[in-house]
Amino acid sequence: MNCPTCPRAGLPCLGERLPHLCTKANYREYLQGYDPGSPPTPTFLGMATSLARAAVAHVGDGMRIAPEAVQEARRAVCEACPLWNAAKDRCSRCSCNLKIKLSWASSACPLDPPKWTAV
Ligand code: SF4
C-alpha cells in the first residue's frame, strides 16, 4: 500500500519494510490515520543531519545555554507555529527535540526567514 503522496507510486511500498527509509517518512503516521494537512516528518537521514549540524554548532559555540527568558520566548513562538508537533514536542521541519533545541544558545529556527535566531 502506498501513501497518497508517495513519489514511488506503482512501485512496492518502501515504508512497509523499511519505514525509516521511506522518502515521505510518513508511513507510520499514515497507518495511524493519515492527515494530509499535518506537517511532514523529516526522513531518518534528515533528522540525523539536522542533529549533527546543531550539535557541531553547539560545541563550536562553547556549549552555551540560552537564558531562561529566551527559552520561554522561543517556546511561545514554536507552540504557536503550525510546524510544532505537540505530541512529540518536536519541530516538524528539522525534527529536533524542542526541549534541547530551545535550550542551546546557537540554535535557530530552520525556516527562511527564521522565526527566532541564535543568541
Ligand atoms: S523551530 Fe521554527 S519551524 Fe520549528 S516549530 Fe519552532 S518556530 Fe516552527
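Within the range 91-108, being touching a strand residue (DSSP E or B) at 6+ places or on another chain (Cβ under 8 Å) and either in a loop (DSSP other than H, G, I, E, B) or more than 8 Å from the ligand (Cβ to nearest atom) (or both) holds for S92, C96, N97, S103, W104, A105. Considering the range 82-103, and only residues there that are open to solvent by less than 40 Å² (accessible area, probe 1.4 Å) and of a type in the set (A, V, I, L, M, F, W, C), the residue that is farthest from A54 (Cα to Cα) turns out to be L83. Applying the condition of being part of a helix (DSSP H, G or I) and among the charged types (D, E, K, R) to the range 52-90 and asking which residue is farthest from the ligand (Cβ to nearest atom) yields E68.
The values are calculated or read from the model by the stated rules, or taken from the named source; none is laboratory data. The structure displayed is predicted, hence computed values, not measured ones. Positions of Cβ are generated from backbone atoms using ideal geometry, with glycine treated the same way; all protein chains shown enter the neighbour counts. With ligands, DNA and RNA removed, areas are computed over all heavy atoms of the protein, side chains included. Shrake-Rupley method; radii C 1.70, N 1.55, O 1.52, S 1.80 Å.
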